[in-house]
1. Which members of segment 75-110 meet the condition of being surrounded by fewer than 21 Cβ atoms within 10 Å (Cβ to Cβ) and either hydroxyl-bearing (S, T, Y) or not in a helix (DSSP H, G or I) (or both)?
2. Name the single residue, out of those in segment 13-44 being modelled with pLDDT under 85 and closer than 30 Å to Y208 by Cβ, that is farthest from the chain's Cα centre (by Cα).
3. Among the residues of segment 53-74 satisfying the criterion of being buried (at least 21 other Cβ atoms within 10 Å of the Cβ) and polar (S, T, N, Q), which is farthest from H43 (Cα to Cα)?
4. Of everything in segment 144-177 that's basic (K, R) and in a helix (DSSP H, G or I), which residue is surrounded by the most Cβ atoms within 10 Å (Cβ to Cβ)?
5. Test of understanding: among T447, T374, which residue is of a type in the set (S, T, N, Q), under 30 Å from C180 (Cβ atoms) and in contact with a strand residue (DSSP E or B) (Cβ under 6 Å, 6 or more places away or on another chain)?
6. Only one of K287, K272 is at pLDDT 85 or above, over 20 Å from the mean Cα position of the chain (by Cα) and outside any helix (DSSP H, G or I). Can you tell me which?
7. On the given criteria, is K154 at pLDDT 90 or above and basic (K, R)?
8. Among the residues of segment 112-156 satisfying the criterion of being out of contact with any Ser or Thr (no Cβ under 9 Å at 6 or more places or on another chain) and of a type in the set (S, T, Y), which is nearest to K99 (Cα to Cα)?
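The values are calculated or read from the model by the stated rules, or taken from the named source; none is laboratory data. Here the structure is a predicted model, which is why all the values come from computation and not from measurement. Heads up, the Cβs are rebuilt from the backbone with ideal geometry, glycines too, and the neighbour counts pull from every protein chain shown.
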Amino acid sequence: MMWAVALILVFLSCGILAWRRRNRNKDEPPPLPGALPLIGHIHLLLGNSSQLWNTAKKVCYSSLNAGGVIISVYIGPRTTYFVTDPEDCLTVTNTCLEKDGFYNFGKPWFGDGLITADVQTWKVHRKLLNPAFNQSILDGFMDVLNEQARRLVKNLEVEVDKGPFDHFAYILLNVLETTCLTVMKVDFSDESLLNCEYVHAAEDMFKYLIERIQKPWLYSDVVFNWSFLKRKQDECLKILHNMSNTVLKKRKTEYLNNKQYKEIEGTTKGAKFRPFMDLLLELAIEKGAFNDRQIREHVDTMLVAGHDTTATVLMYTMLLVGSYPEVQQKIFEELHDVFGDEDRDVTKQDLSQLVYLEAVLKESMRFYPIGPFTIRNLDQDVKIRNCTLSKGRTCYLWFYGVHRHSMWGPDVEAFKPERWLDPKTLPKYLSAFAAFGMGKRSCIGKTYAMMSLKITLAQALAHVFRRYRVSGNHLLMTTKMDVLLKPVSGHHVTIEMRQNNQ
């Protein structure tokens, strides 16, 4: 019996290898060394999320050290491509807009939200939702963002002179509240239990999505639906959807009551502050563009995209600034030049003057890209610089590799905010900066995210770095790949009082 099984495996391995050779284009990318018969490179997926991230980085550097060459990786009989070159990534993202089938793993959470929707749904919904992120509406968020930044500073005061602490825990909850206030116009500032449950459920959900990617036998919905992982995922979804359903119910009631009031008063003029949620409800109620399920899917998408990514950027930025005293001192000096000794809010005019702070923010996102990769399904052959990528295959676009490309110069591995102050030191291809994705299907909220980050940083740092000195060491940090690039340990910071405002 064992001989028969072994013989079948040998024939299957030979068949897969022959199939690969027969289906390879003559100029197809070279394979990653270390493929095993039958399973290909599946063994590289094994281990925890930190080990998976270390493996991904090694493959990135293998590509970069070979001049940005694309590498083929085999997941069983399935061929996938590993891309790190900025030009090649931009070509793929603008040619093939369809997300890969792996994104279907996230559909129980996001449904047809902008992250997981098919191309046709994405095109329609993106066009409908674009007005929610124009600059005039974003300007209306300034007061809320300033208030929340002050709230964060206040919450951090309890950690002064008490040694290392996890600043990420404070930032996550604060940014979730901010997202609810600005994007959803719902105040969850006092809902500490609901907020904590949501944050933990989101973290677990990302972990489960990566775990499923690591286990090819769970790619089949039939098998996955019988798994213990599915049961754990369902528990998280109850918490996550409870948050979005609560937001939807609360805001829909307010919207209808306000609409009825306006009809009675005979006025239709709305306030300048018009959040994303109001546009969704208007499109749903007035124009029939969305049903309640679709609204909830967009709310789920915006809640996660709005809070988790922003909070992670702030966490990395604060850690990096604490790791480089000379950077912290330059921020301190710029803040003093702009604000002096005034304890006032950040204005739109202030943002344009905080040039070095913006450079620090961008360099943080280059150094630790929160979304280190995206995956596209190739719905056509794609001709790029040195090879052709075959239709029907999966393409991993590694933004971590893009941010480590030689286009950034010989100091690419250094944290150097100054590179953003001189256009001559930046890559000639803007696609080399992919903090919010790249191409036609990049993040819809990138303008909001940058403004939110800059105001929060300016407000928080204006207070924190004028009164306190932050210390940390990012070189001690261990990271993991839970869809987003997240810290595991070594990311804690300390806050101590400045002496004589120095």
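1. I75, G76, P77, R78, T80, T91, T95, L97, E98, K99, D100, Y103
2. Of all residues in segment 13-44, those modelled with pLDDT under 85 come to 13-28, 38.
Narrowing the set further to residues that are closer than 30 Å to Y208 by Cβ leaves 16, 38.
Details: I16: 36, L38: 34 Å.
Selected residue: I16.
3. Looking at residues that are buried (at least 21 other Cβ atoms within 10 Å of the Cβ) and polar (S, T, N, Q), I get S63.
4. Filtering first and then ranking leaves R151.
5. Going through T447, T374 in turn, the sole match is T374.
6. Answer to the selection: K287.
7. Spelling it out, it is not the case that K154 is at pLDDT 90 or above and basic (K, R).
8. T121
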